[in-house]
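Everything below concerns the one structure shown next.
Bear in mind these aren't lab numbers, they're just calculated from the coordinates by the rules spelled out. Since the structure is predicted, the reported quantities are computational estimates derived from the model, not experimental observations. Backbone-built Cβ (ideal geometry, glycine too); neighbour counts: all protein chains shown.
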Amino acid sequence: MRRSTGLALVFAVLAMLVAPNPSAAQGPTSPPGAPTGVTASAGTLSAIVTWIPAGSPADSFTVKSNPGGISATVGGTSTSATVSGLGFLASYTFSVTGNNALGAGPASAQSNAITPDPPGGPYHQGFAANLLNQNIAAGKPVATNLGDDPFHLPGLSAVVVNLTASQATASTAVQVVNNQQVVRTISVASGQVESSLEVIAVPAQLTQAAIQVTTGTAHVQLDFVGYFTGPSAVRDHSGLLEMIAPTTLLDASVAAGSTTTVPVLGQGDVPAGGVADVLLNVIATGATGAGAVALRPSGGLAAGITTLGFAAGQTTANRAIVAVPTSGAISVIDTGAAASVHRRPRLVHRRL
């Protein structure tokens, strides 16, 4: 009979050594393969490129344009990227390369060719016309045509109008309504005049537009200036507005009923040729009475058009898009009291 020693043994595992498993992942053994199925689609001055990864896992992918070598890099789990900074008059294809710790893999085959969308549509100078010129009372909106005629203006996307409010019996807001939605509002106080150049989008399903005031009565003048067509109408730089450094073209007093001719082409950053229209900042100060000025191509008539209205002692400002004739000058036509007028071009519109 064996006697017990009374000794109890307890074992605890503190660590272990795991034998290498040849099948376990050891990281990439080669650079990524060439992505397949590379497809590009056009965006605004950009492209969206998609692909299917191939071969070893990637830490990142780089998409590069041809021509230009404009690139975008995204993470290794991505299968698409947006390449920005492209031109809208060029055709581009794209290649994709995967990268990991072992280097860059081979580039993919080139994608399909795309032409990026332009940043906007071309502007077209319209025939200056007065669309509405009457008193409007609150609660009694007046139907009007904004010059938005898709039948005669194919590809129409927006209209440019000039809205002037005056003779308000109380501080009020003048509103442009399109498809029963208020799309523009300008405020005018009693005894003051306000003018505003407005770009109004034309909805696909167009119904009647109207002008309304919120309080009292005001006199409203609405003039047609021009229109924009969609980006698909762009064929070259013609018709596009281009930003330039502001240049003062006129800073002088104009007499009541006077016409002042102002050279435009070749002034400051305005090119000496190839300009169809200019976008101007216009300011009137120190008027001796109520009146207005109209900006027209040199030799043109005001034809009842108002660019900027003003009251006695009031400082008012507006923008204006004015066609530049072959003479290279435009006219400031004062149709009321004397005032000081200041004009600075901000954009030029290339001739179509």
>> Please compute the length gained on full extension between I48 and T217, using 0.36 nm multiplied by the number of residues separating them and subtracting their Cα-Cα distance.
In response: 55.6 nm
> For G126, which sequence-distant residues (separation of 5 or more, or a different chain) have an amide H within less than 5 Å of its own amide H, given hydrogens modelled in the peptide plane?
Replying inline: G226, Y227
> Which whole-Hz couplings ³J(HN,Hα) result when phi for each residue of the range 304-312 is put into the Karplus expression 6.51 cos²θ - 1.76 cosθ + 1.60, θ = phi - 60°, listed in order with x for Gly and Pro?
Replying inline: x, 8, 10, 9, 8, x, 7, 10, 4
>> Taking the number of other C-beta atoms within 10 Å as the exposure measure, put R296, R319, R184 in order starting with the fewest.
In response: R184, R319, R296
> For V142 and A303, FRET efficiency with R0 = 22 Å and r from the beta-carbon atoms, rounded to 0.05?
Replying inline: 0.55
>> Taking θ = phi - 60°, what integer Hz values does the Karplus form 6.51 cos²θ - 1.76 cosθ + 1.60 yield along the range 107-124, in sequence order, with x for Gly and Pro?
In response: 6, 6, 5, 5, 6, 5, 8, 9, 10, x, 6, x, x, x, x, x, 8, 10
>> With the crude spin-label approximation of a point 7 Å out along Cα→Cβ, what separation in nm comes out for A107 versus T261?
In response: 5.7
> Just how far, in whole angstrom, is the range 72-97 from the range 122-145 if you go by their alpha carbon centroids?
Replying inline: 45
> Near the amide H of V202, under 5 Å away, which other amide H atoms are found, from residues 5 or more places off or on another chain, if H is placed in the peptide plane?
Replying inline: A158, V159
>> Let me check against my output: what whole-number percent is the relative contact order of the range 36-104, with C-alpha pairs under 8 Å and at least 6 apart?
In response: 36
>> Please compute the length gained on full extension between S30 and N66, using 0.36 nm multiplied by the number of residues separating them and subtracting their Cα-Cα distance.
In response: 10.3 nm
> What is the local net charge at A165, summed over the other residues whose Cβ is closer than 15 Å to its Cβ (Lys, Arg +1; Asp, Glu -1)?
Replying inline: -2
> Among 219-226, 108-115, 64-71, 172-179, how do they line up from the highest to the lowest mean number of other beta-carbon atoms within 10 Å?
Replying inline: 219-226, 172-179, 108-115, 64-71
